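The values are calculated or read from the model by the stated rules, or taken from the named source; none is laboratory data. Since the model is a prediction, treat every value here as computed from it, not as a measurement. All Cβ positions, glycine included, derive from the backbone under ideal geometry; neighbour counts span all protein chains shown.
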Amino acid sequence: MFESLSTTYFVQATGIPRPTATWIKDGVALSASDRVVITEEGDTYRLEVKDLVMADSGVYKCKITNRLGEVSQEAKLDLTGKHLFLSICIFQLNASRMSLGVKHPRRPILDYVL
């Protein structure tokens, strides 16, 4: 995968009360920008990073929170030269249902549901 391509992470989470999602990279909360797109639709929360550069490598985490608690999932994004390597760490707390997906712009790499 070339550095200039995009990657998308998504998490599905439901709860009462409705949860909120916070996207974090290397311990710092992410904000939307021209290259970072954060959306939510129904129970799906998405983070898209466009035009990848080496500085985009790192640990991405999605923290799902409501007043009853929180759960999180993280994935490590490594860009080496012009190739993309992904390793996934998945966490589940209590009986919450969450999924993490990482997609290549041309084909799915991972679509995992807990």
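So is A13 under 14 Å from the mean Cα position of the chain (by Cα) and loosely packed, with under 15 Cβ neighbours inside 10 Å or not?
For A13, the condition - under 14 Å from the mean Cα position of the chain (by Cα) and loosely packed, with under 15 Cβ neighbours inside 10 Å - is not met.
Out of the stretch 48-80, which residues are of a type in the set (S, T, N, Q) and touching a residue at least 24 places away in the same chain (Cβ under 8 Å)?
Matches in the stretch 48-80: T65, N66, Q73.
Quick test for you: out of V28, V49, V53, pick the one residue that is surrounded by fewer than 16 Cβ atoms within 10 Å (Cβ to Cβ) and at pLDDT 90 or above. Even if it seems obvious, please write down each step before you answer.
Values: V49 fails: surrounded by fewer than 16 Cβ atoms within 10 Å (Cβ to Cβ); V53 fails: at pLDDT 90 or above.
Every option except V28 fails the conditions.
Of everything in the stretch 1-47, what is among the polar types (S, T, N, Q), free of Cβ contacts under 8 Å to residues at least 12 places away in the same chain and more than 14 Å from C62 (Cα to Cα)? Give them in sequence order.
Once the filter is applied, which keeps residues that are among the polar types (S, T, N, Q), free of Cβ contacts under 8 Å to residues at least 12 places away in the same chain and more than 14 Å from C62 (Cα to Cα), the stretch 1-47 yields only S33.
For the structure I just gave you, tell me whether E48 is under 12 Å from the mean Cα position of the chain (by Cα), outside any loop (DSSP other than H, G, I, E, B) and charged (D, E, K, R).
Answer is yes for this residue.
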